[in-house]
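Below is one structure, written out as structure tokens, with a few remarks after it.
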């Protein structure tokens, strides 16, 4: 069953101040992502793709408008509430994995679970299950530096789903990987979407990666310029 | 995995840097604990604010009449009084100066029973042997003196009835300090024996020791004593033992000021080194701080982990420094026995060192931790 994690951006504007000038990223952007969607967002560098992920994940603030996830408006939550909400509802997958280098794969996956009341044994069970899902059950004790790029990204995905969030935000998750590793990562994301009902929003430059998504949006200069439905069952 | 492990992993990610930091802190605390022990021993660890020392107002080298003894006992608020007269003597050669005092044994025993391990057998022995002497353990060990041994001291100032400056005593007891850092490098002998044998300068004492009924009233008792002898031939100056010892030692050097200056220089240097290193260490970790925030860790929790990391650095350093001091204290005690006999690392120095470690860790950790608290996630993630 998919929980109500419909994501809505309504008339969202985002601008940055750079010295005395104001740089607009979006102006009155609207986006509606139903629960359980697998959305790919493409576009040139600087078009605002990653900013959309940041706004949905509550790691950046909108200038105006409204961001709603399910029934909750997240744009006016305090930092502390946003942190708690993010820990429960959102998982992030980064292009360069961003694993903590001094922790093993298992410890990286366990990291977000420190925020829960689970016992150490419960946490370890969960970590083992998740590492099994991403195919790294034998690599838990390895440091990130001892893993290949593809394996590190799997650890990144495992960490992102450790808290069992409904939303996965992936910022160019295959951007640093070879073709084979990229396909393995995309396969995992596809399984998480189709079999576990996760809502996935993936920013990518790779057209072939979009074939794993249910639909793709093209962003340019802060506006969605072309919408296309993808060929995913 | 736990927060403790996370803090430990952060600390050990650059082992050499962390080791050098902890070493720096350890050296600073080693300097602190050695100098602090030196200062405490130099100023007399047995000194207390609960007892008064009454000296001649002109200076502690000037004598006071023995007749003051009864008068001080009658001052309101005084519980007991004893008197001490310095022999100013050496043993064997004039470079081997001995701390020797002629005292009234019963009142001295009563006054200092909670400082030295005197017992009634020693008092009885001294009563029986008029030329008896009770010797502190440090002095006895240093000179190799035994119980019952006869010793002859030569006074720089006091002539004996036989026309010499030699004073012979028989060791009637050896006492210890009730605490490790109490100075026992001196001996006491019977005042009556000493006074009767003096050619001149009879019936005077060097100082009086006074214990008030109520330690809280020590200042008012001091004032009353000084008022009694105001405008007399020998006016008095009454002050606490601690104040007396400080003033006495300051005649040679302001040890406290020297110690504070050295320790401050060491700690300010360490403060800057650790704060600077922590700021750089946190700057290297901006991306990770951003990732932790993305995962749902609040800025406050991240701030606490950074402060805990600096606390760990200072705790390990302080324990290392204090531990090294404790380890080397027997050697230091031996080396410094002629300057500060009985130097030791007191519990209060250890507690003060640990308290300083907590304060220093806060001072060095707060700024980088606060920066981490305020760091916007989007900004942190740009450091990838």
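The values are calculated or read from the model by the stated rules, or taken from the named source; none is laboratory data. For clarity, every value in this text was computed on a predicted model and none was experimentally measured. Note: ideal-geometry Cβ built from the backbone for every residue, glycine included; neighbour counts use all protein chains shown.
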Every residue from the range B:243-267 that is more than 29 Å from residue B:209 (Cβ to Cβ) and either within 14 Å of chain A (Cβ to nearest Cβ) or touching a helix residue (DSSP H, G or I) at 6+ places or on another chain (Cβ under 7 Å) (or both): B:262, B:263, B:266, B:267
Test result for residue B:257, part of a strand (DSSP E or B) and within 22 Å of the chain's Cα centre (by Cα): no
Residue in the range B:56-67 that is touching a residue at least 12 places away in the same chain (Cβ under 8 Å), under 28 Å from the mean Cα position of the chain (by Cα), surrounded by 18 or more Cβ atoms within 10 Å (Cβ to Cβ) and at positive phi present: no
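Any chance you could count how many residues in the range B:186-204 are over 17 Å from residue B:132 (Cα atoms) and touching a residue at least 60 places away in the same chain (Cβ under 8 Å)? Explain how you work it out, then say what you get.
The first filter runs over the range B:186-204 and keeps only residues over 17 Å from residue B:132 (Cα atoms), leaving B:199-204.
Retained after the next criterion (residues that are touching a residue at least 60 places away in the same chain (Cβ under 8 Å)): B:201, B:203-204.
The qualifying residues number 3.
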Matching entry among B:302, B:279, B:270 (being more than 30 Å from residue A:57 (Cα to Cα) and in contact with a helix residue (DSSP H, G or I) (Cβ under 9 Å, 6 or more places away or on another chain)): B:270
The lone exception for residue A:24 - which of (1) part of a strand (DSSP E or B); (2) within 13 Å of chain B (Cβ to nearest Cβ); (3) at pLDDT below 90 it fails: (2)
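Tell me, please, whether a residue that is assigned to a loop (DSSP other than H, G, I, E, B), more than 28 Å from the chain's Cα centre (by Cα) and surrounded by fewer than 16 Cβ atoms within 10 Å (Cβ to Cβ) can be found in the range B:96-119.
In the first step, residues of the range B:96-119 are kept if they are assigned to a loop (DSSP other than H, G, I, E, B); the result is B:96, B:104, B:113-115, B:117-119.
From the residues that got through so far, the ones that are more than 28 Å from the chain's Cα centre (by Cα) too are none.
So far as the range B:96-119 goes, no, none of its residues is assigned to a loop (DSSP other than H, G, I, E, B), more than 28 Å from the chain's Cα centre (by Cα) and surrounded by fewer than 16 Cβ atoms within 10 Å (Cβ to Cβ).
Could you run through the range A:127-153 and say how many residues are closer than 16 Å to residue A:165 by Cβ, in contact with a helix residue (DSSP H, G or I) (Cβ under 8 Å, 6 or more places away or on another chain) and surrounded by fewer than 20 Cβ atoms within 10 Å (Cβ to Cβ)? Lay out the reasoning, then the answer.
Kept after step one, since they are closer than 16 Å to residue A:165 by Cβ, are these residues of the range A:127-153: A:127, A:129-130, A:133-134.
Retained after the next criterion (residues that are in contact with a helix residue (DSSP H, G or I) (Cβ under 8 Å, 6 or more places away or on another chain)): A:127, A:130, A:133-134.
Okay, now just the ones that are also surrounded by fewer than 20 Cβ atoms within 10 Å (Cβ to Cβ), so A:133.
Summing the residues that are closer than 16 Å to residue A:165 by Cβ, in contact with a helix residue (DSSP H, G or I) (Cβ under 8 Å, 6 or more places away or on another chain) and surrounded by fewer than 20 Cβ atoms within 10 Å (Cβ to Cβ) in the range A:127-153 gives 1.
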Residue within the range B:6-25 that is more than 30 Å from residue A:127 (Cβ to Cβ) and touching a strand residue (DSSP E or B) at 6+ places or on another chain (Cβ under 7 Å) present: no
Residues of the range B:191-207 satisfying the condition of being closer than 30 Å to residue B:333 by Cα and in a strand (DSSP E or B): B:207
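Report the residue count in the range B:272-288 for those that are in a helix (DSSP H, G or I), buried (at least 16 other Cβ atoms within 10 Å of the Cβ) and in contact (Cβ under 8 Å) with a residue 12 or more places away in the chain.
Residues of the range B:272-288 in a helix (DSSP H, G or I): B:272-284, B:286-288.
Add one more test, that the residue is buried (at least 16 other Cβ atoms within 10 Å of the Cβ), and what stays is B:273-275, B:277-278, B:281-282, B:286-288.
Narrowing the set further to residues that are in contact (Cβ under 8 Å) with a residue 12 or more places away in the chain leaves B:273-275, B:277-278, B:281-282, B:286-287.
Here the count works out to 9.
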Answer from A:173, A:112 - the residue that is within 12 Å of another protein chain (Cβ to nearest Cβ), within 23 Å of residue A:38 (Cβ to Cβ) and buried (at least 18 other Cβ atoms within 10 Å of the Cβ): A:112
Some residue of the range A:59-77 being farther than 24 Å from residue A:108 by Cα and at the interface with another protein chain (Cβ under 10 Å from one of its Cβ atoms): yes
Members of the range A:87-100 found to be part of a loop (DSSP other than H, G, I, E, B) and either in contact with a strand residue (DSSP E or B) (Cβ under 7 Å, 6 or more places away or on another chain) or more than 7 Å from chain B (Cβ to nearest Cβ) (or both), listed by number: A:94, A:95, A:97, A:99
Criterion (within 14 Å of another protein chain (Cβ to nearest Cβ), surrounded by fewer than 17 Cβ atoms within 10 Å (Cβ to Cβ) and either touching a residue at least 12 places away in the same chain (Cβ under 8 Å) or part of a helix (DSSP H, G or I) (or both)) met by exactly one of B:16, B:23, B:11, B:5: B:5
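Let's see how each residue does on (1) farther than 30 Å from residue B:282 by Cβ; (2) in contact with a strand residue (DSSP E or B) (Cβ under 7 Å, 6 or more places away or on another chain); (3) at pLDDT below 90; (4) within 14 Å of chain A (Cβ to nearest Cβ):
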residue	(1), (2), (3), (4)
B:327	yes, no, no, no
B:347	yes, no, yes, no
B:350	yes, no, no, no
B:365	no, no, no, no
B:370	no, no, no, no
B:379	no, no, yes, yes
B:382	no, no, yes, yes
Residue in the range B:289-306 that is in a helix (DSSP H, G or I), more than 13 Å from chain A (Cβ to nearest Cβ) and either under 25 Å from the mean Cα position of the chain (by Cα) or buried (at least 23 other Cβ atoms within 10 Å of the Cβ) (or both) present: yes
Residue within the range A:131-153 that is within 12 Å of another protein chain (Cβ to nearest Cβ), under 15 Å from residue A:91 (Cα atoms) and touching a residue at least 24 places away in the same chain (Cβ under 8 Å) present: no
Test: residue A:47 is part of a loop (DSSP other than H, G, I, E, B) and modelled with pLDDT of 85 or more: yes
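Could you pull out the residue among B:233, B:323 that is farther than 30 Å from residue B:97 by Cα, away from chain A (no Cβ under 14 Å) and within 24 Å of the chain's Cα centre (by Cα)? Give the steps one after another, and end with the answer.
Numbers: B:233 fails: within 24 Å of the chain's Cα centre (by Cα).
Checking each option against the conditions leaves just B:323.
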Residue selected from the range B:68-95 under the condition out of contact with any helix residue (DSSP H, G or I) (no Cβ under 7 Å at 6 or more places or on another chain) and in a helix (DSSP H, G or I), by the criterion farthest from residue B:241 (Cα to Cα): B:70
Only listed residue being more than 13 Å from every other protein chain (Cβ to nearest Cβ), touching a residue at least 60 places away in the same chain (Cβ under 8 Å) and touching a strand residue (DSSP E or B) at 6+ places or on another chain (Cβ under 6 Å), chosen from A:157, A:167: A:157
